[in-house]
Amino acid sequence: YEVRVEACTVLGCSSSDWSSVLTLEAPPAGQPAPLLDLTSDPPTGLRTSFLLTWSPPAQLNGRILHYEVYRRQSALDTDKTGTATVVYKNISTSFKDGGLQPYTAYQYQVWAVNSAGYASSPWVSGRTGPAPPQGVGVPVVLDVSATSAVVGISPPAQPNGIVSLFRVFSVDQNNRTLRAHPINRHSMVCVLTRSTGWESRLAPVISRGPVRELHTLAAPPADQRPPRLITLTSRSVQVEWNEPVAPNGVIDSCELHLRSSCPPPPQPIPSACTEGPTEICFFGKKWSYNVTGLQPYSTYELSVACFNNMGSTASNWTAVSTLSEPPQYVSPFSVDSNLTVIWLDWTGTFSLNSYLKEYTVTESQLRVYTGFYSYLHIPRTSQKTLSFQVTCITDSGSASTPTIRYSPATGLGPLEPVDGDKQGVSIPATPVYSELWFILLFALLGLFLLAILIGLLLKRALRKNPSARERPPLVMLQKTRKAGGDMYM
């Protein structure tokens, strides 16, 4: 603190200079608990280290000489709390405590020490991460059948975590490791899936058990993996596959199944979809096949079935979508009418083969419709012959129908042929000045400007100002009498 003396009289006051005084130290107070961050231990890579960080006391009450960190085992793992030991003594406010036991609960406390005493934080708890169990016993073979062996196991001496699953591994004559599936905590079935005799070594986790030789019978194959895609075009797909993971004998042949699937590739307006029948497109001993004759921009599913002398197994279906192509003209569209409406329908006219951008319908080279639907209704206003043409535009190109002439009185006329070079290629858009909306817009704009001009002319004619005088007004002469007669002045 700083103090000074002030002396005052009736005429004023005078103060001395400030003088500093330092109070004695007292033990610190308000030491917060440390924060625990579980980290990996570099030598082992296991999460068996804690990084502790803490803040200084709320009230220092002097100069902090050092911090002390105490550690003890929590009562969660033992019947009683362990004895606290000092694991850190330094001025830094962080400390990494490594080399701890796996899956063990610890408690930590921080002391802040000055010359007058110390302040301790509350105890904070943390648990280290799990580690591989240790001390796994040798399995005991309880029973052996044609396709399985039952073994009994006991819990490990040091679980180093919560043991939720036991596995038994076996090695066949090709030195391939097979994994068994557990039944419960103390016994499990090891499924043997080879048709020939094999030498098995049953072992949970890392302990090795005695060697036994078993001979199993043939069985239908199992665990057939789906075919894998190699190449893909708009009309074909090449796939390959492997034999089943568990052949259970000698694979005699394989089949490749094909079907069209749902949903189809996206379109602006979804269409109804029906899953196609399953077809066998290949049968033999090859491990790859090129499927041809597919439709562009379509979704198919493929599955493989492999056979041995005891049966077969089929894989799950794998979906593929063929690539896109320009659209194709298939058949003419239909035109019909009644007393008030003319309607067009081009539902089956095109094979899209790609994502649809729009349909356009022109009548005498004037565009009357643009959209995604495959039908159009037009009001019937006259008996003249109309010339319709429909164009399909997709991401891959466009295609147009021949021009169809239709008279409401006589019906359809002959088709006008379309140049074959225009099929499946991009067609330039109709000029904007020939669009129906463009013509109507400029017609309305012209009428609006004409109405404004006529209004200005009428306003000027009805409110015409009088003409200005070209000479001053006449002044009436005054009449006077004089001798000799009348006289005007």
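The values are calculated or read from the model by the stated rules, or taken from the named source; none is laboratory data. Because the structure is predicted, anything quoted here is derived from the model rather than measured. Note that we place each Cβ from the backbone using ideal geometry, even for glycine, and neighbour counts take in every protein chain shown. These accessible areas exclude ligands, DNA and RNA; they are computed on the full protein's heavy atoms, side chains included. Shrake-Rupley method; radii C 1.70, N 1.55, O 1.52, S 1.80 Å.
List of remarks:
- Counting heavy atoms of the protein chains alone, Tyr406 has an accessible area of about 10 Å² for a 1.4 Å probe.
- The length gained on full extension between Ser271 and Thr370, counted as 0.36 nm times the residue separation minus their Cα-Cα distance, comes to 33.7 nm.
- Residue-span extension gain [Arg405 to Leu323] - 0.36 nm each, minus C-alpha spacing: 26.0 nm
- Ordered by 1.4 Å accessible area with all protein chains kept, Tyr300, Tyr289 run largest first as Tyr289, Tyr300.
- Leading residue at positive end of dipole, the stretch 1-152 (Cβ point charges), from Pro102, Cys13, Ser55: Pro102
- Estimated FRET transfer efficiency (Ser331, Leu232; beta-carbon r; R0 35 Å; 0.05): 0.75
- Extension reserve of the Ala461-Asn309 stretch, reckoned as 0.36 nm per residue once the Cα distance is removed: 43.8 nm
- Counted over all Cα-Cα pairs of the stretch 264-320, pairs farther apart than 15 Å make up 62 percent.
- Heavy-atom accessible area for Val140, with the other protein chains in place and a 1.4 Å probe, reaches approximately 80 Å².
- Qualifying trypsin sites (Lys or Arg not before Pro) for the stretch 236-286 [loop in DSSP, other Cβ within 10 Å: at most 16]: Lys285, Lys286
- For the stretch 132-139, 3J(HN,Hα) per residue [Karplus equation, 6.51 cos²θ - 1.76 cosθ + 1.60, θ = phi - 60°, Hz, x = Gly/Pro]: x, x, 10, x, 7, x, 6, x
- Rolling a 1.4 angstrom probe over the stretch 43-117 with all protein chains present gives an accessible area of which 49% lies on carbon and sulfur atoms.
- Summary of packing: across the peptides 8-16, 267-275, the per-residue average of other C-beta atoms within 10 Å ranks them, highest first, as 267-275, 8-16.
- Note on Arg405: accessible area is roughly 100 Å² with a 1.4 Å probe, heavy atoms of protein only.
- All-pairs alpha carbon distance profile, the stretch 1-127, 10 Å steps from 0, percent: 12, 32, 22, 12, 8, 7, 5, 2, 0
- Model label sites at Asn338 and Asp252, defined 7 Å from Cα along the beta-carbon direction, differ in position by 6.5 nm.
- Each listed q (0.20, 0.21, 0.25 Å⁻¹) maps to a log10 I(q)/I(0) for the stretch 27-95 from the Debye sum over equal C-alpha point scatterers, namely -0.99, -1.04, -1.19.
- Sorting Trp54, Trp111, Trp18 on solvent-accessible area from highest to lowest, probe radius 1.4 Å, gives Trp18, Trp111, Trp54.
- Taking every protein chain into account, the accessible area of the stretch 1-91 amounts to 70 square angstrom per residue (probe 1.4 Å).
- Cα-projected label distance for His377 with Thr53, points at 7 Å along beta-carbon direction, nm: 7.1
- For the stretch 315-380, accessible area per residue (1.4 Å probe, heavy atoms of protein chains only), Å²: 52
- Using a probe radius of 1.4 angstrom, the carbon and sulfur fraction of the accessible surface of the stretch 276-335 is 51%.
- Residues Leu444, Leu22 ordered from highest to lowest accessible area at a 1.4 Å probe: Leu22, Leu444.
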